[in-house]
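> Structure below; questions to follow.
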Amino acid sequence: MTNRPMFLGLGSHHGDDQAGWLVIDRLHQCGVPAANAVAVSSPDEIWHRRIHDRKLILCDATVDPGKVGTIRQWSWPGVQLPELHHGTHDFPLGAVLTLGQTLELCPAKVVIWTIAGSRFSAGDEISPSVRQAAISLANTLYEDFSHA
Amino acid sequence: MTDGETINVPILTRVEGEGALTIRLKDGQLDDVQLRIYEPPRMFETLLRGRPLEDAPDITARICGICPVAYQMSSVHALEQALGVAITPQIRRLRRLLYCGEWIESHALHVHLLHTPDFFGESSGIELARRFPDEVRRGLRLKKHGNDLVAAIGGRAIHPVNVAVGGFHRWPPREELRKLIHDFEWGLQAAMEAARWTASFPYPQLENDYEFVAVSHPDEYAMNEGDIASSKLSTIPVDQYPMVFVEHQVPHSTALQAVRLPARSNYLLGPLSRVNLNRNRLRPEARQLADEIGFPAMCSNPYRGIQARCLEVVHAYGEALEILRELDFSGPHRLPYQARAAVGRAATEAPRGLLFHEYEIDAAGKIVQARIVPPTSQNQGQIECDLRKQLTWQLTTATTREALARQAEQLVRSYDPCISCATHFLKIQWKNS
């Protein structure tokens, strides 16, 4: 098992939902190899990354009652992840992690970083505070990565 | 929830979209059963009016995240018929390859995560995974193959963007497709194992005298082209669909239901109908497998739809491999056309069954009218009919209300209903005060 964590950024092109992808972009700029930091569109990509024996760090935008741009850290399991979207083509993150753990397709423990956003519609620009938060989070994660 | 006279399943789980089931009893006998679809109507036909015809494939794809390719295929074929465009064999093959990807991802999902838990009394795919980890892992890989194929051709797995009226916006990268061959060789064998697995399932006994309806083609297992075949009436060209199948509204559903004229009877769409009507046009490996697992000729048990899905996954892998090994991108990727005032109709086979599109366009290439009839809305009446039959029989036995509800939900799931598709439109009557 490598000590180096695997970063996955969840996102889309829509407004603040780009936050996870921006974190990954920034990590690449800092020098994290592409194999260690990947931008994905759907949580179920986790199943196919062969990372069950690695430390997994997820970065995602979230709808959060707090201030836009607020960064929060979650540890899974042990936290009830919000499952706002139910659809069979877009498995909610909690279900993906539970099924992945059951099938040994993802690690038993996952760290999740979220950035609170407010605009998620097609054509929306990313909020300046979300962009800033994504860069800030990536810098912090890179510090941890470079010392792992 | 049950209160003695009414059994409510307030939210159907492991189906696409949101629906419910209400079973009303009177003096211990079945009084009424309603598959209640309460998702808000989505008005896609209205949205298309006045738009350039080129918008139709991408807008209609948004009706569904599971079967966007079906909407793209039905829309481009209907519009090409209106425009008098005859696509090349190369474009035709690439469209079949794209459809194979969608069938694989949709069917693999339904077989492994949505429907199989029912046969083992498990409440979810996660519970099933604890009992059958290898099988569920296999299902996830199959689903991913389907998604990868759609993404390689269409640019992305959900709501692909490469399909165009007249062909494709571009030929997909050849190497991206070739890279899939190795996975698909594994997938073909894995799909056959999945079919053998489902042959061992304990199937509830329910037979119905269905009218099976599906697109049928003399030379191939129909996906994009063919006439409309029926197990009870003569085959008709797709152009005659509106004269034979009509939609109507029922109070308990935001999705229109459909019936077959002249008797206004229910009919069944989907994999069971397709395999029953077109079994001899399945690829040899799928046909032989159907014989090996003892899949009945003209199977009329709706629960065995899961086996038909598996046979179609085998077919789709076999056909996809054949096309992937002989990629031919010679000729134009998109044919030119001149806009003209016309009407075009097409029916293709979405994973859940026949999907009909009709467009009227004007001389400037704008959409004047659009009509979309998805498979789940057409199947609603048949689902309720099956529920009535099952419940009527079960009420003569000592089945608990909870078991009645559970088995009714299982029966609904056997159709793999896509409720989001079904609620694309609501017929509105405007009244002047």
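> Are any residues in the stretch A:37-64 within 14 Å of chain B (Cβ to nearest Cβ) and either touching an Asp or Glu at 6+ places or on another chain (Cβ under 9 Å) or among the hydrophobic types (A, V, I, L, M, F, W, C) (or both), and if so, which ones?
The answer is A:Ala39, A:Val40, A:Ser42, A:Pro43, A:Asp44, A:Ile46, A:Trp47, A:His52.
> Which ones in the stretch A:39-79 are under 11 Å from A:Cys106 (Cα atoms), open to solvent by less than 40 Å² (accessible area, probe 1.4 Å) and at pLDDT below 90?
Listed by number, the residues that qualify are A:Asp44, A:Ile51.
> Could you please find all residues in the stretch B:235-263 being modelled with pLDDT of 95 or more and either of a type outside the set (A, V, I, L, M, F, W, C) or in a strand (DSSP E or B) (or both)?
Residues satisfying the conditions are B:Thr235, B:Ile236, B:Pro237, B:Asp239, B:Gln240, B:Tyr241, B:Pro242, B:Phe245.
> Return the residues of the stretch B:155-196 that are part of a loop (DSSP other than H, G, I, E, B), open to solvent by 10 Å² or more (accessible area, probe 1.4 Å) and within 14 Å of another protein chain (Cβ to nearest Cβ); say none if nothing qualifies.
Within the stretch B:155-196, B:Gly155, B:Arg156, B:Ala157, B:Ile158, B:His159, B:Val161 qualify.
> Any chance you could count how many residues in the stretch B:264-277 are part of a helix (DSSP H, G or I) and closer than 12 Å to B:Leu354 by Cβ?
4
> Within the stretch B:205-223, can you find the residues that are at pLDDT 95 or above and open to solvent by less than 60 Å² (accessible area, probe 1.4 Å)?
The answer is B:Tyr210, B:Glu211, B:Phe212, B:Val213, B:Ala214, B:Val215, B:Ser216, B:His217, B:Glu220, B:Tyr221, B:Ala222, B:Met223.
> Let me ask you something else. Filter the stretch B:50-82 down to residues that are surrounded by fewer than 22 Cβ atoms within 10 Å (Cβ to Cβ) and not charged (D, E, K, R) and give me whichever is nearest to B:Ala342 (Cα to Cα).
For the stretch B:50-82, the residue satisfying everything is B:Gln81.
> Under 9 Å between Cβ atoms, at least 6 apart or on separate chains: pull out the pairs that start in the stretch B:235-263 with a residue that is closer than 21 Å to B:Met223 by Cα and touching a residue at least 40 places away in the same chain (Cβ under 8 Å) and end on any residue that is part of a strand (DSSP E or B) and open to solvent by 60 Å² or more (accessible area, probe 1.4 Å).
Note: pairs meeting the criteria are B:Val238/B:Asp227; B:Val238/B:Arg345; B:Asp239/B:Arg345; B:Tyr241/B:Arg345; B:Pro242/B:Arg345.
> Among the residues of the stretch B:128-144, is there at least one that is open to solvent by less than 40 Å² (accessible area, probe 1.4 Å) and more than 11 Å from chain A (Cβ to nearest Cβ)?
yes
> Of all residues being assigned to a loop (DSSP other than H, G, I, E, B) and closer than 30 Å to B:Pro133 by Cβ in the stretch A:107-125, which is farthest from the other protein chains (Cβ to nearest Cβ)? Just the residue, please.
Only one residue tops the list, namely A:Lys109.
> Quick one: in the stretch B:325-351, which of the residues that are aliphatic (A, V, I, L, M) and out of contact with any Asp or Glu (no Cβ under 7 Å at 6 or more places or on another chain) is nearest to B:Arg309 (Cα to Cα)?
B:Ala350
> Follow-up. Looking only at the stretch A:92-106, count how many residues are hydrophobic (A, V, I, L, M, F, W, C), open to solvent by 20 Å² or more (accessible area, probe 1.4 Å) and at the interface with chain B (Cβ under 9 Å from one of its Cβ atoms).
Adding up the residues that qualify gives 2.
> Now, a different point. Identify, from the list B:Ile59, B:Ile87, B:Ile63, the residue that is within 13 Å of chain A (Cβ to nearest Cβ) and either assigned to a helix (DSSP H, G or I) or modelled with pLDDT of 95 or more (or both).
Exactly one residue qualifies, and that residue is B:Ile59.
> In the stretch B:1-49, which residue that is part of a loop (DSSP other than H, G, I, E, B) and open to solvent by less than 50 Å² (accessible area, probe 1.4 Å) is modelled with the highest pLDDT?
Step by step, filter the stretch B:1-49, then rank; the result is B:Gly28.
The values are calculated or read from the model by the stated rules, or taken from the named source; none is laboratory data. Because the structure is predicted, anything quoted here is derived from the model rather than measured. Cβ sites come from the backbone with ideal geometry, for glycine too, and all protein chains shown count toward neighbours. Accessible surface is based on the protein model in full, side chains and every heavy atom, while ligands, DNA and RNA are left aside. Shrake-Rupley method; radii C 1.70, N 1.55, O 1.52, S 1.80 Å.
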